[in-house]
Amino acid sequence: MNPYWSALVRDLKPYIPGEQPKLSDLVKLNTNENPYPPSPKVLDAIRGELGASLRLYPDPNCELLKQAIARYQGVGTNQVFVGNGSDEVLAHAFQALLKHPLPILFPDITYSFYPVYCGLYAIAYETVPLTESFEIRIEDYLRPNGGIVFPNPNAPTGRVLPLADIETLLSRNRSSVVIVDEAYIDFGGESAAALVNRFPHLLVIQTLSKSRSLAGLRVGFALGNPELIEALERVKGSFNSYPLDRLAIVGGIAAFDDRDHFEWSRQAIMWTRQWLSQGLADLGFEVLPSAANFLFVRHPGHDGGELAAALRERHIIVRHFKLPRIEQFLRITVGTEEECQILLDALSDLVAGKA
Ligand code: PMP
């Protein structure tokens, strides 16, 4: 290949997504999907849209979906941006809001897409170490910066920052944009959405992939000051003026209409998380406190990579990151009770040394 192109490809560092295997007899606990189906109202809405209307383009502004989100979150429609999953919303936010002469800051252990976006858009960044106990300490971010991004709860640790800490950060860092990625907020954290009217430099990003069981539909959104939202709209419009298809729009609206289903599924996951945590602790695992739909765990006597490989042989997949400081850890999605019991039985054998 032409060496110029080869260098271009080499310098575009790829994001490595969690595996989506084709086998059907797997216990799949590797990509933090919700183990329960989406609301029946979502399925009805999508079925209702499956017809002649697919001939027509969707609403480029996704107005009805934005209204549903705005009503639910208690903000104005002009404070809502929607995109094809929160990954796309994040990509647009990095491009629109984080180009700055100073480096942006994010934790050293965090969502691995952030450095990829920085590479893609030539954004300088510095990583800020988590504390010994894998927490974000906001004092560490109070230095000149071009923007601050972190997930709350953080991934893959599951640790959550109290809303009061985010408020302090926003009060003491007013000269750059702060992006809080709330992909997992509905599993126990307190959303910073309540702060967007008070802090014009705050952007909150959420998704329907996790707590609303719609990872396959690809709907994410951002909440913020109308000016920040306008910046995102301009970037989006330059890529694709139709961010969401018709099925995603009607499905997304229905998801916000069914509060009972949402409550039921998040409570079920939080209950199972507690029960699985205890089961893993009983097997000798160290389990970080989690406010997400996954647990981050390690066993003092067993290598994380080897445990992940041994689980895979038993058709159970969890996530293992070959990264400094977290190499010994496994990230385990909270599945159904039945799936978690299969996992506990397998781990019980493995830590007891049974092949
Ligand atoms: N942020 C974080 C922290 C995540 O873990 C994920 C899921 N991989 C996302 C954003 C993206 O989720 P989605 O694109 O499905 O909305």
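Side notes on the structure shown:
- Residues of the stretch 106-127 satisfying the condition of being within 21 Å of residue 162 (Cα to Cα) and either part of a loop (DSSP other than H, G, I, E, B) or away from the ligand (no atom under 16 Å from the Cβ) (or both): 108, 109, 110, 111
- Output for the stretch 156-171, where each listed residue is away from the ligand (no atom under 15 Å from the Cβ) and in a loop (DSSP other than H, G, I, E, B): 162
- The residue that is surrounded by the most Cβ atoms within 10 Å (Cβ to Cβ), among those in the stretch 37-52 that are small (Gly, Ala, Ser) and out of contact with any helix residue (DSSP H, G or I) (no Cβ under 6 Å at 6 or more places or on another chain), is 48.
- Flag if residue 232 is within 12 Å of the ligand (Cβ to nearest atom) and either crowded, with 18+ Cβ neighbours inside 10 Å or assigned by TED's automatic domain parsing to the domain that holds residue 287 (or both): no
- Check on residue 70, without any contact (Cβ under 8 Å) to a residue 24 or more places away in the chain and more than 15 Å from the ligand (Cβ to nearest atom): yes
- Any hit, the stretch 175-194, residues being buried (at least 20 other Cβ atoms within 10 Å of the Cβ) and either polar (S, T, N, Q) or within 29 Å of residue 10 (Cβ to Cβ) (or both): yes
- So residue 131, is it farther than 24 Å from residue 230 by Cβ and within 19 Å of the chain's Cα centre (by Cα): no
- Applying the condition of being in a loop (DSSP other than H, G, I, E, B) and of a type in the set (Val, Ile, Thr) to the stretch 190-229 and asking which residue is nearest to the ligand (Cβ to nearest atom) yields 219.
One line per residue, one yes/no per condition, for (1) surrounded by 11 or more Cβ atoms within 10 Å (Cβ to Cβ); (2) of a type in the set (Gly, Ala, Ser):
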| residue | (1), (2) |
| --- | --- |
| 6 | no, yes |
| 15 | yes, no |
| 22 | no, no |
| 33 | yes, no |
| 59 | yes, no |
| 73 | yes, no |
| 81 | yes, no |
| 92 | yes, no |
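- Residues within the stretch 300-342 that are without any contact (Cβ under 8 Å) to a residue 12 or more places away in the chain and either of a type in the set (Lys, Arg) or in a loop (DSSP other than H, G, I, E, B) (or both), tallied: 2
Conditions (1) in contact with a His (Cβ under 9 Å, 6 or more places away or on another chain); (2) within 23 Å of residue 16 (Cβ to Cβ); (3) surrounded by fewer than 21 Cβ atoms within 10 Å (Cβ to Cβ), marked per residue:
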{"site": "241", "(1), (2), (3)": "no, no, yes"}
{"site": "246", "(1), (2), (3)": "no, no, yes"}
{"site": "249", "(1), (2), (3)": "no, no, no"}
{"site": "257", "(1), (2), (3)": "no, no, yes"}
{"site": "278", "(1), (2), (3)": "no, no, yes"}
{"site": "295", "(1), (2), (3)": "no, yes, no"}
{"site": "301", "(1), (2), (3)": "no, no, yes"}
{"site": "306", "(1), (2), (3)": "no, yes, yes"}
{"site": "318", "(1), (2), (3)": "no, yes, no"}
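- Residue 327 modelled with pLDDT of 95 or more and over 15 Å from residue 351 (Cα atoms): yes
- Hey, residue 89 among the aliphatic types (A, V, I, L, M) and more than 30 Å from residue 10 (Cα to Cα) or not: no
- Pair list, Cβ < 7 Å and 6+ apart or interchain, from the stretch 275-289 residues that are outside the structural domain of residue 339 (by TED's automatic domain parsing) to residues that are exposed (fewer than 15 other Cβ atoms within 10 Å of the Cβ): none
The values are calculated or read from the model by the stated rules, or taken from the named source; none is laboratory data. Predicted, not measured: the structure shown is a model, and the values here were computed from it. So basically every Cβ, Gly included, is an ideal-geometry build from the backbone, and we count neighbours across all protein chains shown.
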